[in-house]
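**Q** Encoded as structure tokens, here's the structure I'll be asking about.
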Amino acid sequence: MQANEAKSIIYNKLIRDNIPEIIAKSGKTCKLVNVSGDEFNELLNNKLLEEVNEYLNSGSIEELADIIEVIYAILDSKKISFNDLDKIRTEKLKTHGGFVRKLLLKEVIE
């Protein structure tokens, strides 16, 4: 690489809205594309997996917050309110319970 040649890192991933400004403040530039529809939904799913893996690797509460932010974006994309999601969660809690008893199913015998 010549001295005046810029180094480029390819990401191809969904980012938070303020990341371009953060990159610019660091003296770097970035290339962006606006996405929508099925492509946006696919990228949200990829982002959810990314954030879950980051949480599993770190155990960080901050990563849990990132997971929730992606979930909010998925709900918005599907035109579902958080209240509607919570109603579904509450119904499932009533019918299937939560995780209070910390049960591990080892086997089912027929």
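Nothing in this text is a laboratory measurement; each read-out follows from the coordinates by a stated rule. What you see is a predicted model; the values in this text were computed from it and never measured. Cβ placement follows ideal geometry from the backbone for every residue including glycine, while neighbour counts extend to all protein chains displayed.
**Q** Name the shape class, rounded, prolate or oblate, that the alpha-carbon gyration tensor gives for segment 1-40, where a ≥ b ≥ c are the square roots of its eigenvalues, rounded holds for a/c under 1.5, and otherwise prolate holds if a/b is larger than b/c and oblate otherwise.
**A** Because a/c hits 1.5 or more and a/b fails to exceed b/c, segment 1-40 counts as oblate.
**Q** So, one more: Which of the GluC sites (Glu not before Pro) found in segment 1-61 are in a DSSP loop and have at most 14 neighbouring Cβ atoms, other than their own, within 10 Å?
**A** Loop-located and lightly packed - GLU5.
**Q** Return the loop-located trypsin sites (Lys or Arg not before Pro) in segment 1-75 (DSSP other than H, G, I, E, B) with at most 16 other Cβ atoms within 10 Å of their own Cβ; answer none if there are none.
**A** Within segment 1-75, the qualifying trypsin sites (Lys or Arg not before Pro) (loop, at most 16 other Cβ atoms within 10 Å) are LYS7, LYS13, ARG16, LYS28, LYS31.
**Q** Evaluate the charge dipole of segment 23-100 about its Cα centre and quote only its size in Debye, nearest 20, assuming +1 on the Cβ of each Lys and Arg and -1 on the Cβ of each Asp and Glu.
**A** 160 debye
**Q** Work out, step by step, the length gained on full extension between ASN45 and LEU93: first 0.36 nm times the residue separation, then minus their alpha carbon distance; give nm to one decimal.
**A** Net length gain for the segment: 14.8 nm.
**Q** In nm, give the distance between the simple-model label positions of LYS106 and ARG16, each being 7 Å from the Cα along the Cα-to-Cβ direction.
**A** Reported label-point gap for LYS106 and ARG16 is 4.4 nm.
**Q** What full-extension length gain, to one decimal in nm, is calculated for SER36 and ILE67 as 0.36 nm per residue of separation minus the Cα-Cα distance?
**A** Taking 0.36 nm per residue and subtracting the Cα distance, the gain is 9.2 nm.
**Q** Rg and Dmax of segment 15-79 over Cα atoms: what are they, in angstrom?
**A** Rg, Dmax (Cα atoms, Å): 13.3, 37.
**Q** Using only the Cα atoms of the chain, what do you get for the radius of gyration and for Dmax, in Å?
**A** Looking at the chain, its Cα Rg and Dmax stand at 19.9, 71 Å.
**Q** Report, in deg cm²/dmol and to the nearest 500, the calculated mean residue ellipticity at 222 nm for the chain, where each DSSP H run with n ≥ 4 adds -39500 (n - 2.57) and the sum is divided by the residue count.
**A** -18000 deg cm²/dmol
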